Amino acid sequence: MVVDDHPMWREGVARDLTEAGHEVVATSGSGRQAVRVAAATRPDLVVLDLQLPDISGVEVIQGLRAALPQVRVLMLSASGEPQGVLDAVKAGATGYLIKSAGPAEFLDAVRRAAAGDPVFTPGLAGLVLGEYRRLAAAPSTPDDEAPRLTERETEVLRLVAKGLSYKQIAERLGLSHRTVQNHVQNTLGKLQLHNRVELTRYAIERGLDG
């Protein structure tokens, strides 16, 4: 799905994606419409502009992820302003590409973002990594206030951080798919996180992906 308020740009991106073999299930020129349409068409990936006429791209990401927790979002913006980039990533964007990117770079970013790989315009990756390192280095919560995960929850979290699917985790640990989902939901609740992307970042920040 392509979301951009400039019709010529929006249709051009959709055309490039179609010609490259991707199925474009919808396009939209406004944020609120995009969230409604995405809920109905259920795209795997949304290519999203940061600046929209009604609500911000960050609000769109939040709406998309509430409606479709597994959706990937690739920001495609004219702005590389650091705070906008960080806000988008913290909201759940998989990647962030500047509109000056060439067609080959854009299509490669789409392919990688759809697979769940973080994708950033050169220079922005360092910005995002630096921010997460800063957050990871921040004083930790005292032990008596820290969320306490069970040994099994920690084990599941470690495998989530390594990129395993729920099915793969279930097979690895000899559990049912439903049990793995329950462990993940319990962990999300304890850590006050909202989705698997945030959970993975939490685990990586604490070195659980090694």
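Descriptive notes on the structure:
- Qualifying position, being open to solvent by less than 10 Å² (accessible area, probe 1.4 Å) and at pLDDT below 95, among Asp4, Asp54: Asp4
- Filter result (among the small types (Gly, Ala, Ser), assigned to a helix (DSSP H, G or I) and more than 20 Å from the chain's Cα centre (by Cα)) within segment 9-58: Gly12, Ala14
- Set Asp117, Asp108, Asp44: member being among the acidic types (Asp, Glu), under 25 Å from Thr18 (Cβ atoms) and touching a residue at least 40 places away in the same chain (Cβ under 8 Å): Asp44
- For segment 68-95, the tally of residues that are under 17 Å from Trp9 (Cβ atoms) and either crowded, with 20+ Cβ neighbours inside 10 Å or out of contact with any helix residue (DSSP H, G or I) (no Cβ under 9 Å at 6 or more places or on another chain) (or both) stands at 5.
- Looking across segment 148-170 at every residue that is of a type outside the set (Phe, Trp, Tyr), closer than 21 Å to Ala115 by Cβ and free of Cβ contacts under 8 Å to residues at least 40 places away in the same chain, the one that is most open to solvent (accessible area, probe 1.4 Å) is identified as Lys167.
- Those residues of segment 85-139 which are in contact with a Phe, Trp or Tyr (Cβ under 6 Å, 6 or more places away or on another chain) and modelled with pLDDT under 80, in sequence order: Leu124
- Residue that is farthest from Ala20 (Cα to Cα), among those in segment 57-67 that are surrounded by fewer than 18 Cβ atoms within 10 Å (Cβ to Cβ) and of a type in the set (A, V, I, L, M, F, W, C): Ala66
- Residues of segment 22-37 satisfying the condition of being open to solvent by 40 Å² or more (accessible area, probe 1.4 Å) and closer than 19 Å to Ala113 by Cα: His22, Glu23, Val24, Val25, Thr27
- For Gln70: the one exception among (1) touching a strand residue (DSSP E or B) at 6+ places or on another chain (Cβ under 8 Å); (2) not in a helix (DSSP H, G or I): (1)
- Scanning segment 187-199 for residues that are touching a helix residue (DSSP H, G or I) at 6+ places or on another chain (Cβ under 6 Å) and open to solvent by 30 Å² or more (accessible area, probe 1.4 Å) yields a single hit, Leu193.
- Pair list, Cβ < 8 Å and 6+ apart or interchain, from segment 181-210 residues that are within 21 Å of Lys167 (Cβ to Cβ) to residues that are at pLDDT 80 or above and open to solvent by 60 Å² or more (accessible area, probe 1.4 Å): His183/Arg152; Asn195/Pro69; Arg196/Pro69; Arg196/Gln70; Ala203/Arg158; Leu208/Arg158; Asp209/Arg158
- When segment 149-169 is filtered for residues that are more than 23 Å from the chain's Cα centre (by Cα) and of a type outside the set (Lys, Arg), the ones remaining, listed by number, are Leu149, Thr150, Glu151.
- Number of the exception - Asp49 against (1) open to solvent by less than 20 Å² (accessible area, probe 1.4 Å); (2) among the charged types (D, E, K, R); (3) out of contact with any Phe, Trp or Tyr (no Cβ under 9 Å at 6 or more places or on another chain): (3)
- On the stretch given as segment 47-67, residues that are acidic (Asp, Glu), over 23 Å from Gly12 (Cα atoms) and in contact (Cβ under 8 Å) with a residue 40 or more places away in the chain total 0.
The values are calculated or read from the model by the stated rules, or taken from the named source; none is laboratory data. These numbers were taken from a predicted model, which means no experiment stands behind them. Methodologically, a virtual Cβ is constructed for each residue, glycine included, from the backbone with ideal geometry; neighbour enumeration extends over all protein chains shown. The accessibility values were calculated without ligands, DNA or RNA, using every heavy atom of the protein model including side chains. Shrake-Rupley method; radii C 1.70, N 1.55, O 1.52, S 1.80 Å.
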